[in-house]
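What follows is a short report on a single structure.
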Amino acid sequence: MTQNANSTAPIVRMERVNKHFGSLHVLKEIDLTVTPGEVVVIIGASGSGKSTLIRCINGLEEFQGGQIEVDGNELLPNGKSGRALQRIRTEVGMVFQQFNLFPHLSVLDNVILAPMKVRGWSRADALETAERLLARVGISDQARKYPSQLSGGQQQRVALARALAMEPRLMLFDEPTSALDPEMIGEVLDAMRELAREGMTMIIVTHEMGFAREVADRVIYIHKGEIAEQAPPEQIFDQPTDERTRSFLARVL
Ligand code: ADP
Ligand code: MG
């Protein structure tokens, strides 16, 4: 394990990161530092590069230039990261818009799979943790069901419990409520709010501006692959300094 002895060392450090999809320059000179316990919310128009940015952090996307370091593990450009990538994937949890649960496994088996396979936990230990986490996200009573028997909001809370079972140092969220019916958004945001309160380091892409204002320590507005502005939520939402941020917020608020 390469956990930093110094707890104030950044968990994420991106320097001059550039990413291209063929001729499309998707991320431009991204500099981003996230410290332990920080909650960072990323906002921006569709296609601006938000998903690509957070997918670079856990190595789901390669990048072409710059540096990314996650909890002391350095990712190298062009997929040359080697073992650092495996370490990062075990330390970083991710929740996607689509819940991506294993449909053929029960809720409980979805949650215990990775801790047993990747962390080498005993079934008994993994079950104990899973039951605690399912209780924490309010779905203990669904543990024996299969994903298809659950509502979207319940499935997303299982996905959250499954990510937390790996005891991540950092959680990434990519529009975790965008696929949900409106009445289920609140229960997922509540679980995330609770996690933030407990001090989890989180990077969240969301269109839920009220939630962003409430939980974020810092909001980043990304415009066509560039960080146009970043500031505490009160400043971004009430007094944005960049014209591009202002016009985006005027459209979405
Ligand atoms: P956002 O999450 O902000 O909507 P994305 O990061 O998904 O934006 O996409 C940024 C840009 O990169 C978009 O123009 C998108 O079409 C493009 N893009 C995303 N993934 C791929 C891919 N796998 N291949 C080619 N282009 C992609
Ligand atoms: Mg996206």
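The values are calculated or read from the model by the stated rules, or taken from the named source; none is laboratory data. Remember, predicted model here, so these are calculated numbers, not experimental data. Cβ: placed from backbone, ideal geometry, glycine included. Neighbour counts: every protein chain shown. To get the accessible areas, we keep the full protein, side chains included, count just its heavy atoms, and leave off ligands, DNA and RNA. Shrake-Rupley method; radii C 1.70, N 1.55, O 1.52, S 1.80 Å.
Numbers below:
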read-out	value
Residues being away from ligand 2 (no atom under 15 Å from the Cβ) and under 18 Å from the mean Cα position of the chain (by Cα) - total across region 213-229	8
Region 182-238 - residue that is in contact with a Leu (Cβ under 6 Å, 6 or more places away or on another chain) and among the small types (G, A, S) and, of those, farthest from ligand 1 (Cβ to nearest atom)	A191
Qualifying residue in region 21-31 (condition: more than 14 Å from the chain's Cα centre (by Cα), among the polar types (S, T, N, Q), under 25 Å from H207 (Cα atoms) and surrounded by fewer than 17 Cβ atoms within 10 Å (Cβ to Cβ))	no
Candidate set from region 107-133 (those that are aliphatic (A, V, I, L, M) and farther than 13 Å from A161 by Cβ); member that is surrounded by the fewest Cβ atoms within 10 Å (Cβ to Cβ)	A124
Residue match in region 31-44 (condition: within 13 Å of ligand 2 (Cβ to nearest atom) and among the polar types (S, T, N, Q))	no
Residue under evaluation R246, criteria (1) without any contact (Cβ under 8 Å) to a residue 60 or more places away in the chain; (2) under 30 Å from H20 (Cβ atoms); (3) not in a helix (DSSP H, G or I), criterion not met	(3)
Hey, T129 away from ligand 2 (no atom under 16 Å from the Cβ), assigned to a helix (DSSP H, G or I) and in contact (Cβ under 8 Å) with a residue 60 or more places away in the chain or not	no
Among (1) within 16 Å of ligand 1 (Cβ to nearest atom); (2) open to solvent by 10 Å² or more (accessible area, probe 1.4 Å); (3) among the hydroxyl-bearing types (S, T, Y), the one test that T241 misses	(1)
Listing of helices (runs of 4 or more DSSP H) fully contained in region 134-226 that carry 1 or more residues being of a type in the set (F, W, Y), at pLDDT 95 or above and surrounded by 18 or more Cβ atoms within 10 Å (Cβ to Cβ)	209-215
Test: A179 is closer than 27 Å to I57 by Cα, within 16 Å of ligand 2 (Cβ to nearest atom) and among the aliphatic types (A, V, I, L, M)	yes
